[in-house]
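The values are calculated or read from the model by the stated rules, or taken from the named source; none is laboratory data. These figures come from a predicted structure and were not determined experimentally. All Cβ positions, even for glycine, are placed from backbone atoms using ideal geometry, and neighbour counts span all protein chains on display.
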Amino acid sequence: MTEQSFINQMEPWYGDEEIEAINNYLKEGGWLMEFKKTQELEKIIANFVGSKYCSILPNGTISLFLALKALNIGIGDEVIVPDYTMIATPNAVVWSGATPVFVDIDDSMCLDIERVRDAITDRTRAVMHVSINGRAGELINLKKLCEEKGLFLIEDAAQSLGSFFAGKHLGTYGHIGSFSFSVPKIITMGQGGALVTDDRHLYEKICKIKDFGRITSGVDIHDEMGWNFKYTDLQAVFGIEQMKKLDCRIIRKKEIAKLYHELLSGVVEVKFIPTNLDMVAPWFFEILVPNPTELKEYLKTQNIGSRLFYPAVHTQKIYKWVKGDFPQAIDFAAHGLWLPSASQLANSQIEYVCARIIEFYHK
Ligand SMILES: Cc1ncc(COP(=O)(O)O)c(C=O)c1O
């Protein structure tokens, strides 16, 4: 038997189309900076998710920060965030000057709405919902709660491009939705982020503060605080080609998820988090096991990459000041493992991964 070459937990996927598009752009003398190609990509993304406006940004952390700034959120304000998420979610809140208020998650790994209700104070300005791995959780009820309490709903949909709920794309329920195009995402431009909204005023504010707060593009008069968070057309050219491949990747992600389920469903140690594949294009393929670290180490010896779930945010050194009870976040973090998740995985590779997991538990 030939040795299995290493299967990465995640890797980018691009081909001749991206190479040719970049080549043509450079041969035509493109100026590299944000211009028409970025605008073209913004239109493509807005159309895909069904939003009126889209602004592309350097990454999905900056996009969360800018969403908060566009909503005038800062010092003295509180923003509710889940205790289970990628660290960028609370960090963007801290960066804005506001205080993140952590709330536990429910069985979908998204915000527990009852705990959100309890966490609202006079200082709360917004709730940041994170659709973990494309799941919506209580998004619709959360939207109602935000409306009732006069709060902004920001959707961190970094993991959710290609995932819908009740016929609407995730990221489009809130006042602003945020996406990421870093390498592990379903499509990538190396780095990248996007904000989507239906609110013209908010969109204009985002465009202004990402360009130093200029009163108009190319004019050095600034009537509000701003930064340089513009994108580059060079990356946008790449992104336009990636977006052409998104529909196929959504189909493939669902096929792979089904295959993992089918092959591992008989392993009593392996549990799945309920996910409706009619609507969700899973970003990473996740399992819950009694001993994820040991399984991860074993898979590594078999040339298989995997990755432990994020720790609960309040257990990270920089958030040790956080008080509260987060049993669900702790429980998921202690048991979760992400398996190889690239859209280009072959069925034979998935079969190999599952066979090694079965072997680990049944040897
Ligand atoms: C939920 C969530 N929010 C924010 C981010 C940050 O995005 P970026 O890496 O593009 O800054 C990520 C990245 O994985 C994420 O998963």
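If I go through the range 193-219 residue by residue, how many of them are crowded, with 24+ Cβ neighbours inside 10 Å and farther than 12 Å from Cys54 by Cβ?
1
Among what's in the range 181-209 and is among the hydroxyl-bearing types (Ser, Thr, Tyr) and within 12 Å of the ligand (Cβ to nearest atom), pick the residue that is nearest to Ile73 (Cα to Cα).
The extreme case among them is Ser182.
Working carefully through the options Ala98, Ala67, Ala21, Ala46, find the one that is in contact with a helix residue (DSSP H, G or I) (Cβ under 6 Å, 6 or more places away or on another chain) and of a type in the set (Gly, Ala, Ser).
It is Ala21.
Look through Gly239, Gly190 and report the one residue that is out of contact with any strand residue (DSSP E or B) (no Cβ under 9 Å at 6 or more places or on another chain), touching a residue at least 40 places away in the same chain (Cβ under 8 Å) and not assigned by TED's automatic domain parsing to the domain that holds Pro282.
When all the criteria are applied, what remains is Gly190.
Are any residues in the range 206-258 closer than 25 Å to His175 by Cβ, aliphatic (A, V, I, L, M) and outside any helix (DSSP H, G or I), and if so, which ones?
Answer for the range 206-258, where residues must be closer than 25 Å to His175 by Cβ, aliphatic (A, V, I, L, M) and outside any helix (DSSP H, G or I): Ile215, Met225.
A quick yes/no check of all residues on (1) surrounded by 16 or more Cβ atoms within 10 Å (Cβ to Cβ); (2) of a type in the set (A, V, I, L, M):
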residue: Met279; (1), (2): yes, yes
residue: Pro282; (1), (2): yes, no
residue: Lys296; (1), (2): yes, no
residue: Ala312; (1), (2): yes, yes
residue: Tyr319; (1), (2): yes, no
residue: Pro327; (1), (2): no, no
residue: Leu339; (1), (2): yes, yes
residue: Gln349; (1), (2): yes, no
residue: Arg356; (1), (2): yes, no
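Among the listed residues Ser5, Ser63, identify the single one that is assigned by TED's automatic domain parsing to the domain that holds Asn228 and among the small types (Gly, Ala, Ser).
It is Ser63.
Could you grab me the full set of residues in the range 83-107 that are part of a strand (DSSP E or B) and either closer than 23 Å to Gly134 by Cα or near the ligand (Cβ under 10 Å from one of its atoms) (or both)?
Pro100, Val101, Phe102, Val103, Ile105
Specify which of the listed residues (Asn59, Asn23, Asn47) is surrounded by fewer than 24 Cβ atoms within 10 Å (Cβ to Cβ) and within 16 Å of the ligand (Cβ to nearest atom).
After ruling out the rest, the residue left standing is Asn59.
Among the residues of the range 156-167, count how many are within 10 Å of the ligand (Cβ to nearest atom) and not in a loop (DSSP other than H, G, I, E, B).
Total satisfying the criteria: 1.
Take the range 337-363 and flag every residue that is part of a helix (DSSP H, G or I) and aliphatic (A, V, I, L, M).
The answer is Ile350, Val353, Ala355, Ile357, Ile358.
Quick grid of which residues meet (1) away from the ligand (no atom under 16 Å from the Cβ); (2) buried (at least 17 other Cβ atoms within 10 Å of the Cβ); (3) at pLDDT below 95:
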site	(1), (2), (3)
Gln9	no, yes, no
Glu17	yes, no, no
Gly29	yes, no, no
Met33	yes, no, no
Leu41	no, yes, no
Glu78	yes, yes, no
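Pairs please, first residue from the range 117-133 and part of a loop (DSSP other than H, G, I, E, B), second anywhere and within 14 Å of the ligand (Cβ to nearest atom) and at pLDDT 95 or above, Cβ atoms under 6 Å, 6+ apart in sequence or on different chains.
Listed pairs, sorted by first residue: Ser131/Ala157; Ser131/Ser160; Ser131/Leu170.
Out of all the residues in the range 22-63, which are in a strand (DSSP E or B) and of a type outside the set (Ser, Thr, Tyr)?
Within the range 22-63, Met33, Cys54, Ile56, Leu57 meet the criteria.
Determine which single condition Leu259 fails, assuming it passes every other condition in (1) crowded, with 19+ Cβ neighbours inside 10 Å; (2) in contact with a helix residue (DSSP H, G or I) (Cβ under 8 Å, 6 or more places away or on another chain); (3) within 22 Å of Gly134 (Cα to Cα); (4) in contact (Cβ under 8 Å) with a residue 60 or more places away in the chain.
Only one criterion is unmet by Leu259, namely (1).
Hey, can you tell me all the residues within the range 35-62 that are among the charged types (D, E, K, R) and in contact with a strand residue (DSSP E or B) (Cβ under 6 Å, 6 or more places away or on another chain)?
Once the filter is applied, which keeps residues that are among the charged types (D, E, K, R) and in contact with a strand residue (DSSP E or B) (Cβ under 6 Å, 6 or more places away or on another chain), the range 35-62 yields only Glu42.
Is it fair to say Ser178 is within 13 Å of the ligand (Cβ to nearest atom), within 19 Å of Arg252 (Cα to Cα), buried (at least 24 other Cβ atoms within 10 Å of the Cβ) and among the polar types (S, T, N, Q)?
For Ser178, the condition - within 13 Å of the ligand (Cβ to nearest atom), within 19 Å of Arg252 (Cα to Cα), buried (at least 24 other Cβ atoms within 10 Å of the Cβ) and among the polar types (S, T, N, Q) - is not met.
Which residues, counting only those in the range 281-307, are within 30 Å of Gly162 (Cβ to Cβ) and either within 16 Å of the ligand (Cβ to nearest atom) or in a loop (DSSP other than H, G, I, E, B) (or both)?
Within the range 281-307, Ala281, Pro282, Trp283, Phe284, Phe285, Glu286, Val289, Gln302, Asn303, Gly305, Ser306, Arg307 qualify.
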